[in-house]
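The values are calculated or read from the model by the stated rules, or taken from the named source; none is laboratory data. Keep in mind the model is a prediction, meaning the values are calculated, not measured. Every residue, glycine among them, receives a Cβ derived from its backbone with ideal geometry; neighbour counts consider all protein chains shown.
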Amino acid sequence: MNVKYLALFGTLSLAAVGCAGEFQPGDGNGPGPAGVDAGADIPTADAGGDSSDIGTAQALFENNVRPIIGSACNPGGACHASQDPAFITADPNSAYDTIGIHKDRLYTGFDPATSRLLINGEGGHYGAVYTPDDVITIEAWLAQEKLDAEAGGGGQVISALQEWSGCMNLDDWEAQNVASLWADKDAQNQGDCDACHNLGADGFMASNDSVRVFENITTNPSLMPSYFTQTIDGTSVVINRARLEKVGNQLSPHEAHGAFQVDGNAMEALQNFYDLTVSRKLAGQCQPPRF
């Protein structure tokens with residue numbers, strides 16, 4: 001396996017044995033789509049019918065990459081069919097669109113060197129392992145995605161999370177004192193949040209350096225889920241409360257994390273900032289996406 005994939009901290013979960021784990025360093029977590037059969041097999045592209053009339057990159061994904069992802073996940077892609085980011089589906093007709101919703105966090109800019117979809121296949125992510133041939137196959141798909149995007153004039157759809165990054169406003173962030181309130185939140189017997197998460201450990205950034213936190217979460221899609229994530233259908237952004245509650249309540253796999261109250265002045269500040277950002281978006285006052 002190419003060692004270049006070890007370079008990046010922050011991760012987006014690709015597999016979880018028995019679904020005990022969710023995100024290793026770098027990602028938020030949350031609920032997945034209801035009604036998914038966690039044990040369902042992930043069918044190959046053949047099950048979805050003829051792919052001759054679809055784009056080259058889509059055909060490569062459906063025919064070659066989707067079976068690899070389904071095989072690497074246990075069982076049958078269950079964990080990321082049912083938790084954020086829910087990028088695996090048992091429906092072959094929606095598989096390509098589903099993974100595309102989460103491209104910012106899985107393969108930003110189609111760059112294999114920073115793709116969490118590839119990096120997590122190193123084998124340390126809850127048992128997910130790619131063979132060398134798997135890596136070559138996924139790299140070929142990402143290269144074709146980039147070519148297709150360039151051929152289309154770069155007119156890729158901007159995700160809700162990308163748009164949100166441009167709508168977030170530093171003045172609003174600092175006025176609500178979001179960074180410091182979360183940095184100073186006490187995790188039982190383990191000190192304040194910034195003691196461990198000052199540099200973004202486990203994909204959560206908490207620091208009294210408000211500007212640094214803002215710049216990191218608005219430019220790094222692996223750190224944005226510290227506080228915000230997309231809805232399951234990818235159409236809008238919500239506070240990543242599900243992740244915060246899971247950690248604060250010491251639910252699996254966070255049993256060793258100090259307990260903390262999710263509600264309180266820190267959550268109120270985050271909610272106020274969220275409401276201000278929504279208002280800015282509705283008023284057409286957003287800047288261009290920052291990632």
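Worth pointing out:
- Within region 213-227, residues that are in contact (Cβ under 8 Å) with a residue 60 or more places away in the chain and farther than 15 Å from Thr114 by Cβ have Cβ atoms under 7 Å from residues that are surrounded by fewer than 23 Cβ atoms within 10 Å (Cβ to Cβ) and charged (D, E, K, R) in these pairs: Thr218/Arg290, counting only partners at least 6 apart in sequence or on another chain.
- Within region 49-67, the set of residues being surrounded by 16 or more Cβ atoms within 10 Å (Cβ to Cβ), at pLDDT 50 or above and either of a type in the set (S, T, N, Q) or not assigned by TED's automatic domain parsing to the domain that holds Thr131 (or both) comprises Gln58, Asn63, Asn64.
- Members of region 113-164 found to be at pLDDT 90 or above, surrounded by fewer than 18 Cβ atoms within 10 Å (Cβ to Cβ) and more than 20 Å from Val65 (Cα to Cα), listed by number: Glu163
- Among the criteria (1) of a type outside the set (A, V, I, L, M, F, W, C); (2) in contact (Cβ under 8 Å) with a residue 40 or more places away in the chain; (3) farther than 30 Å from Ser94 by Cα, the one Asp233 does not fulfil is (3).
- Selection status of Ala201, within 25 Å of Gln162 (Cα to Cα), in contact (Cβ under 8 Å) with a residue 40 or more places away in the chain and out of contact with any Cys (no Cβ under 6 Å at 6 or more places or on another chain): yes
Residue-by-condition table, conditions (1) modelled with pLDDT of 95 or more; (2) outside any helix (DSSP H, G or I); (3) surrounded by fewer than 23 Cβ atoms within 10 Å (Cβ to Cβ):
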| site | (1), (2), (3) |
| --- | --- |
| Gly166 | yes, no, yes |
| Ser180 | yes, no, yes |
| Asn189 | no, yes, yes |
| Ser207 | yes, yes, yes |
| Thr218 | yes, no, no |
| Ile232 | no, yes, yes |
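- Some residue of region 234-248 being part of a loop (DSSP other than H, G, I, E, B) and among the acidic types (Asp, Glu): no
- Filter result for Arg290 (surrounded by fewer than 19 Cβ atoms within 10 Å (Cβ to Cβ), not assigned by TED's automatic domain parsing to the domain that holds Gly166 and not β-branched (Val, Ile, Thr)): yes
- Selection from region 256-291 of residues that are in a loop (DSSP other than H, G, I, E, B) and of a type in the set (A, V, I, L, M, F, W, C): Ala256, Ala259, Phe260, Val262, Ala283, Cys286, Phe291
- Among the residues examined, Val213 does not qualify as surrounded by fewer than 21 Cβ atoms within 10 Å (Cβ to Cβ), among the aliphatic types (A, V, I, L, M) and not assigned by TED's automatic domain parsing to the domain that holds Asn120.
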